[in-house]
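Novice: Encoded as structure tokens, here's the structure I'll be asking about.
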Ligand code: AMP
Ligand code: GLY
């Protein structure tokens, strides 16, 4: 089969790495890809947002399956366009992608179908939102309705802070049209974890639990990022909790989307708060998480490709995936300054002299090649990913690799997996 992966991050590198190992894959392309992905796939110079360009390229390369990484092209209808052109695509169509594209839609769906989530109200009027906040206990959470690259959520400790968030998002439109509406919701206490599932419109297969580290600073401090590291499994997600998540969240959501005439196919990602009364949904994503995809691909023993095809074809019933019992960890290396301003085109050295170890993969997230040199193109640049008998060992191994990488302009959190050590 000819496969096209769309995207250019660590997630897409992990997907390409796994798909390239499939006996079903004869040719692998990635648009636009990065310097690491180029080791697995032929990179095509088409941006993930260029829907016409991607459809034309898929036709030209006789692609049998398109696998789409990021949320923007999914919400913009890339799956619809590929399928209309007769090209099979893995991921939700635009009607189903609204589950991530509009937090208001997601909250209303949860309310209608009894899917546990924080209490909320939707607002388009600044004064009404502020009057509502004035009556509420703090902390409180203010969210932009639309896609804001993980930055449209403010956990406010005071009413002043919450009102300032309303002004920034709704009035000043800091996130553009994504902030034409906001959600104000109850603050949930607990520990976060994520469960992803492959969904075929009706049936689903859950993947092992994973925990992300969204904040830029150690001890989960500082502004939120796309994710600074992740590991799987997340010990907080016990077998009993997994059962509840399957019944109360995944099964209800998949059935709800079908009942709404928006059957969901692709990756359903539930970002959860595990609190005193069980798991509640913080957000749904409609794609693999990044970096979450990296430790998950590291743990996946089965061929990924048949599972993606089965999801697209509506044939996941009785489908099974096998996983390594070991733990996997990804530590993200980013350019100093991220998630704020940072320098571009800095050079990363030492990648070619790392010891050969099948249980360590350095996934590239924002890199390009200039002759023999690896240069950075984005904030998050590498995802050092390891597999080991325990999370602590995976962590030790990941930091040893990081210490051997020579990149003075880069940084990482040194405490990925800290919650595991405190259990
Ligand atoms: P979201 O993109 O909606 O998952 O929000 C980003 C982050 O904000 C989450 O990973 C949580 O750390 C935090 N957050 C969002 N909603 C809530 C909430 N209702 N209670 C507590 N923290 C939240
Ligand atoms: N790491 C969070 C996300 O992919 O949304």
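Novice: Taking R0 as 25 Å, what FRET efficiency do you get between residue 137 and residue 113 from their Cβ-Cβ distance, rounded to the nearest 0.05? Provide the component values of the computation, followed by the final result.
Specialist: Values: r = 27 Å, r/R0 = 1.08.
Working from the Cβ atoms, E equals 0.40.
Novice: Let me ask something additional. When DSSP assigns beta bridges and you keep just the ones with both residues in the chain, what percent turn out antiparallel, to the nearest 5?
Specialist: Working: 65 of 80 bridges.
Of all bridge pairs located within the chain, approximately 80 percent are antiparallel.
Novice: Tell me, in nm to one decimal, what length is gained between residue 403 and residue 21 on full extension, where the rule is 0.36 nm per residue of separation less the Cα-Cα distance? Before the final figure, lay out each step's value.
Specialist: Details: separation 382, 0.36 × 382 = 137.52 nm, distance 2.84 nm.
Separation in residues times 0.36 nm, less the Cα-Cα distance, equals 134.7 nm.
Novice: Stretched out fully, how many nm does the piece from residue 177 to residue 343 gain, at 0.36 nm a residue minus the Cα gap?
Specialist: Details: separation 166, 0.36 × 166 = 59.76 nm, distance 2.82 nm.
Fully extending the segment from residue 177 to residue 343 adds 56.9 nm.
Novice: Something else: Rounded, prolate or oblate: which one fits the range 261-304, using the alpha carbon gyration tensor with axes a ≥ b ≥ c (rounded when a/c is under 1.5, else prolate when a/b beats b/c, else oblate)?
Specialist: Working: a/c = 2.36, a/b = 1.30, b/c = 1.81.
It comes out oblate by the Cα gyration axes.
Novice: How would you order 379-387, 128-136 from highest to lowest mean count of nearby Cβ atoms within 10 Å?
Specialist: Details: 379-387: 27.1, 128-136: 15.8.
Averaged packing, sorted descending, gives the order 379-387, 128-136.
Novice: Counting only Cα, what are the radius of gyration and maximum Cα-Cα distance Dmax of the range 1-53, in Å?
Specialist: 10.1, 30
Novice: To continue, here is another question. Given axes a ≥ b ≥ c from the Cα gyration tensor, I'd like to know whether the range 165-282 is rounded (a/c under 1.5), prolate (a/b larger than b/c) or oblate.
Specialist: Values: a/c = 1.91, a/b = 1.21, b/c = 1.58.
It comes out oblate by the Cα gyration axes.
Novice: Sticking with this structure for a sec: Rounded to whole Å and sorted largest first, list the principal axis extents of the Cα atoms in the range 277-356.
Specialist: Each principal axis gives a Cα extent; for the range 277-356 these are 47, 39, 29 Å.
Novice: Based on Cα positions only, what radius of gyration and what Dmax would you give for the range 118-231, in angstroms?
Specialist: In order Rg, Dmax, the Cα atoms of the range 118-231 give 15.9, 45 Å.
Novice: Once you put a point 7 Å from the Cα of residue 189 and another 7 Å from the Cα of residue 159, both along the Cβ direction, what distance in nm separates them?
Specialist: In this crude spin-label approximation the distance works out to 2.2 nm.
Novice: The range 261-406: Rg/Rh from Cα coordinates, Kirkwood Rh?
Specialist: Numbers: Rg = 18.0 Å, Rh = 17.7 Å.
Across the range 261-406, the Cα-based Rg/Rh ratio is 1.02.
Novice: Same structure again: For the range 97-181, state the semi-axes of the equivalent ellipsoid (square roots of 5 times the eigenvalues of the alpha-carbon gyration tensor), sorted largest first and rounded to whole angstrom.
Specialist: Working: eigenvalues 77, 53, 23 Å².
Over the Cα atoms of the range 97-181, the semi-axes work out to 20, 16, 11 Å.
Novice: Under 1.5 on a/c is rounded, so check that first for the range 1-118, then, if it is not, pick prolate when a/b is larger than b/c and oblate when it is not; a ≥ b ≥ c are the square roots of the alpha carbon gyration tensor eigenvalues. Mind dumping the intermediate values first?
Specialist: Values: a/c = 2.24, a/b = 1.81, b/c = 1.24.
Here the range 1-118 falls in the prolate category.
Novice: Compute and list, largest first, the equivalent-ellipsoid semi-axes of the range 42-184 from the alpha carbon gyration tensor, each √(5λ) rounded to a whole angstrom. Present the calculation step by step, with values, prior to reporting the outcome.
Specialist: On the way: eigenvalues 274, 51, 23 Å².
Square roots of five times the eigenvalues give 37, 16, 11 Å.
Novice: Among 389-395, 47-53, how do they line up by average Cβ neighbours within 10 Å per residue, starting with the highest? Mind dumping the intermediate values first?
Specialist: Numbers: 389-395: 18.6, 47-53: 15.4.
The packing order, highest mean first, is 389-395, 47-53.
Novice: When the expected Rg is taken as 2.2 N^0.38 Å, what fraction or multiple of it is the alpha-carbon Rg of the range 66-142?
Specialist: Working: Rg = 17.1 Å, N = 77, 2.2 N^0.38 = 11.5 Å.
Expressed relative to 2.2 N^0.38 Å, the Cα Rg reads 1.49.
Novice: Once fully extended, how much extra length lies between residue 356 and residue 218, figured as 0.36 nm per residue of separation less the alpha-carbon to alpha-carbon distance?
Specialist: On the way: separation 138, 0.36 × 138 = 49.68 nm, distance 2.94 nm.
Computed gain between residue 356 and residue 218 is 46.7 nm.
Novice: Select from 79, 153, 331 the residue whose mean-square fluctuation is largest in a Gaussian network model of the chain (Cα-Cα springs shorter than 10 Å).
Specialist: For the chain, modelled as a Gaussian network with Cα springs under 10 Å, the answer is 153.
Novice: Rounded to two decimals, what is the ratio between the C-alpha radius of gyration of the chain and 2.2 N^0.38 Å?
Specialist: 0.94
Novice: Would you please give the FRET efficiency between residue 320 and residue 370, computed as 1/(1 + (r/R0)^6) with r the Cβ-Cβ distance and R0 = 56 Å, to the nearest 0.05? Before the final figure, lay out each step's value.
Specialist: Values: r = 44 Å, r/R0 = 0.78.
Efficiency for this residue pair is about 0.80.
Every number in this text was worked out from the coordinates using simple rules, so none of it is lab data. It should be emphasised that the depicted structure is a prediction, and the values quoted were computed from it without experimental measurement. Note that each Cβ is placed from the backbone with ideal geometry, even for glycine, and that neighbours are counted across all protein chains shown.
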